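Following: one structure in structure tokens, then a few remarks.
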Amino acid sequence: MPTNSTLSAPQAAPTPAAVPLGRPRRSTALLTLAGLWIAIYFAALFAPPLLDDADATHANAARHMALSGDWVTLKVNGIRYLEKAALPYWLDAISFRIFGFNTFAAHLPEAIGVLLLALLGYHWSRRAYGDRAAFYTGLAVLTSAGVFLFTRIYIPEVLLSLFLSTALYCLLRSFDQESGINESGIRGSGIQESGILSEREARVEGSAVSSTRKLYAYTMWTALALAVLTKGLVALVFFFGAAIIYLALTGEWRKWRRLKPFTGLLLFLVIAAPWHILAGLRNTGGMNGHGFFWFYFINEHVLRFLGKRYPKDYNKLPGYLFWSLHLVWLFPWSLFAPIGFLQAWRLRKRRPLAASFPAKATLLFAIYAALVLVFFSLSTNQEYYTFPAYLALLALTAAALSRSESLYDEDPSSRRWITFAHATYTVVGIAAAIALGYGLWSSRHLPFVPDIGELLAHRGVGDYTLSMSHFFDLTGPSFAALRLPASLAALAFAVGPALAWWLRTKRRHLASTTAIALTSTVFLVAAHIALIRFGPMLSSANLAQKIQQLEDDRAVSPDTQVLLYSDQAYGSSIPFYLGRIVYLVDGRSTSMLFGSTFPDAPPIFLTHDDLVRGWGSGSRKILFVPLEKRDEVDSLLGNNKVLLAETSGKALFTDRPLDLPASSANAH
């Protein structure tokens, strides 16, 4: 009976032969990728300051870890923070100890993760599809909008993607080198039969192949353990779900021993289990007697998937947004995705499923990406949850584009789809350039205002749960603060897409695709400059600096109590930059709720009555108030407060005049 490796397809209509094209040198490709990473990601490590909400919250947890030496229990503002796995915070804590407590150190592990993900994509695609597709995969990872957007805050998705993709790659390589195929593609058995190698040399070569397989198998288990330490049990769902389907379709499950399941599982447990066990033993006696085990495994995994997590502080995107937004997250490369679907449709009846490494890689990429997308379409989700699928989707798109380039003159349908993608990209680029140009022209006589938050419309589109909600808040005056990034983006969109299309018509395919990547690079650099302009609105670091300045100037005493009104996420950058615990008024909510129920939680939670009763008595109070809560505070405190500073509607109030003369106190 034929095996999967010998199955042949029914005779199909011949497809056009691919024409070999020039390929980038490996050194040139890697230097280009490194240069793009430096321009887009490394240069962005220094500004803006840490943003409020998740960014500074996670940095606070890592800061506590670095200072306390407690590498088991995460704490934010002195309160247990048990909903996250530990590895990202370990990396941040190490970075803090080396580089200090700053934005650069907080975001460095994530930026390195992007670089490693691009290099992994390059290496995997190079082995599967060749040098050109490998280069395109690296370009796509570094210049996709979603990869950039979802690494502006410290969330673990890029690290999860790196570890899961590494585990899947090692899974493939564990079954690779069939019959002694080495890295150069020479089949050992064939050489032996021809008499080139002696029997002893053949045994040595076979032993080397076996050792290489073992290395890949154990690396797979190690990467999987790190993925679990990064994001939790969802890593097991994605890896084993993709692996089981892949092995079943290809029949390679028969060679399961190559994966070293027994010793590999032991290695996995040695790496992944200790933190989970220690966290469970050290964190007991919370709400309703629950501890880490219930909150982390049941509440944060099972109940979150079912939409019953407590507290309910999350969303689920509507289906049409969930799917369609991937065109944005993978832009501009998503424009070429239809080419991949076209090629897949043509090859749908072709076999074997896993006769070669390219076929195996394509199959596993497709299974894995589909699993991630379908899983989060059913679960509660955030926009960035499907980040782990990005590398697979981009690698498949890069491979399809590379093949279509080789078929450009022989296959009219491939040429039509590439032309359609370029036409769409050019139209989008011209439209974006016109819109940006109109904004620049309309605001040409308006003054530059550093605090863009004061000029926004605050329409609250999507209740600011969408990543680009603030885009809809832009007004003419606020656009004046974005002249530099808007000019860069307009120039890139006006020239880049049209240039790429022109190069394509000249059959300069490598130059054309590189032009797309460079256009995206300029746009992402412009987007980062715009993010810096939004910094005063998205971060409260300047208000923390104001408090520190007042203490340094002895305008307030060191024992001043700093209070945050409402949930700590509104001003989480303040405790990070002050380096101390702050009190929360009506802030026993969201990520602070479960940890606050432990008996040793510090008494940092105040009610409205506590605020009113203590305001103006005892030690001085400084109260941070977010824009959304200004009316509430005005009704509670009335005029019995002194404004210290205000940025983008966020304010610092104190309960008595400063200790310095007014002229000195008001100097900013």
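The values are calculated or read from the model by the stated rules, or taken from the named source; none is laboratory data. Given the structure is predicted, the values throughout are model-derived calculations rather than measurements. Don't worry about glycine lacking a Cβ; one is built from the backbone with ideal geometry, like all the others, and counts go over all protein chains shown.
Below, the figures for the structure above:
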quantity: Residue that is modelled with the lowest pLDDT [pool: residues in the stretch 588-632 that are crowded, with 19+ Cβ neighbours inside 10 Å and within 19 Å of PHE295 (Cβ to Cβ)]; calculated: SER591
quantity: Flag if PHE336 is modelled with pLDDT of 90 or more and assigned to a helix (DSSP H, G or I); calculated: yes
quantity: Within the stretch 307-320, tally of residues that are outside any loop (DSSP other than H, G, I, E, B) and without any contact (Cβ under 8 Å) to a residue 40 or more places away in the chain; calculated: 1
quantity: Cβ pairs under 8 Å, 6+ apart, first in the stretch 500-513 and assigned by TED's automatic domain parsing to the domain that holds SER402, second acidic (Asp, Glu); calculated: none
quantity: Near pairs, Cβ below 7 angstrom, 6+ apart or cross-chain, from the stretch 90-112 (assigned by TED's automatic domain parsing to the domain that holds MET65) to any residue that is of a type in the set (D, E, K, R) and surrounded by 22 or more Cβ atoms within 10 Å (Cβ to Cβ); calculated: PHE96/ARG63; PHE101/ARG63; ALA106/ASP92; PRO109/ASP92
quantity: Segments classed as helices (runs of 4 or more DSSP H), wholly inside the stretch 46-164, with at least 1 members that are of a type in the set (Asp, Glu) and surrounded by fewer than 21 Cβ atoms within 10 Å (Cβ to Cβ); calculated: 131-143
quantity: Hits in the stretch 441-493 - residues which are at pLDDT 85 or above, surrounded by fewer than 16 Cβ atoms within 10 Å (Cβ to Cβ) and within 22 Å of HIS528 (Cβ to Cβ); calculated: LEU484, SER487
quantity: Residue match in the stretch 349-356 (condition: in a helix (DSSP H, G or I) and either modelled with pLDDT of 90 or more or in contact with a Phe, Trp or Tyr (Cβ under 9 Å, 6 or more places away or on another chain) (or both)); calculated: no
quantity: Among (1) crowded, with 19+ Cβ neighbours inside 10 Å; (2) closer than 12 Å to LEU171 by Cβ, the one test that TRP256 misses; calculated: (1)
quantity: Checklist (1) in contact with a Ser or Thr (Cβ under 9 Å, 6 or more places away or on another chain); (2) modelled with pLDDT under 95 applied to SER184, failing item; calculated: (1)
quantity: Exclusive hit being at pLDDT 90 or above, closer than 25 Å to ALA134 by Cβ and assigned by TED's automatic domain parsing to the domain that holds GLY251, set PHE331, PHE341; calculated: PHE331
quantity: Test for LEU364: is it modelled with pLDDT of 90 or more, within 21 Å of the chain's Cα centre (by Cα) and part of a helix (DSSP H, G or I); calculated: no
quantity: Which numbered condition ALA12 fails, given (1) at pLDDT 50 or above; (2) surrounded by 10 or more Cβ atoms within 10 Å (Cβ to Cβ); calculated: (1)
quantity: Residue count, the stretch 543-560 (criterion: assigned to a helix (DSSP H, G or I) and buried (at least 20 other Cβ atoms within 10 Å of the Cβ)); calculated: 4
quantity: Output for the stretch 322-333, where each listed residue is in a helix (DSSP H, G or I) and in contact (Cβ under 8 Å) with a residue 12 or more places away in the chain; calculated: PHE322, TRP323, HIS326, VAL328, TRP329, TRP333
quantity: Residue list for the stretch 238-262, restricted to those being out of contact with any Phe, Trp or Tyr (no Cβ under 7 Å at 6 or more places or on another chain), touching a residue at least 12 places away in the same chain (Cβ under 8 Å) and over 15 Å from SER165 (Cβ atoms); calculated: ILE245, LEU249, THR250, GLY251, LEU259
quantity: Residue that is modelled with the lowest pLDDT, among those in the stretch 239-253 that are part of a helix (DSSP H, G or I) and surrounded by fewer than 19 Cβ atoms within 10 Å (Cβ to Cβ); calculated: TRP253
quantity: Of residues in the stretch 638-665 being closer than 21 Å to GLY618 by Cα and exposed (fewer than 15 other Cβ atoms within 10 Å of the Cβ), the one modelled with the lowest pLDDT; calculated: ASP659
quantity: LEU236 vs. criteria more than 23 Å from the chain's Cα centre (by Cα), in a helix (DSSP H, G or I) and modelled with pLDDT of 95 or more; calculated: no
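Okay, residues lined up against (1) assigned to a helix (DSSP H, G or I); (2) more than 30 Å from LEU74 (Cβ to Cβ); (3) modelled with pLDDT of 90 or more; (4) of a type in the set (Phe, Trp, Tyr):
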| site | (1), (2), (3), (4) |
| --- | --- |
| SER211 | yes, yes, no, no |
| TRP221 | yes, no, yes, yes |
| THR230 | yes, no, yes, no |
| GLY280 | yes, no, yes, no |
| TRP294 | yes, no, yes, yes |
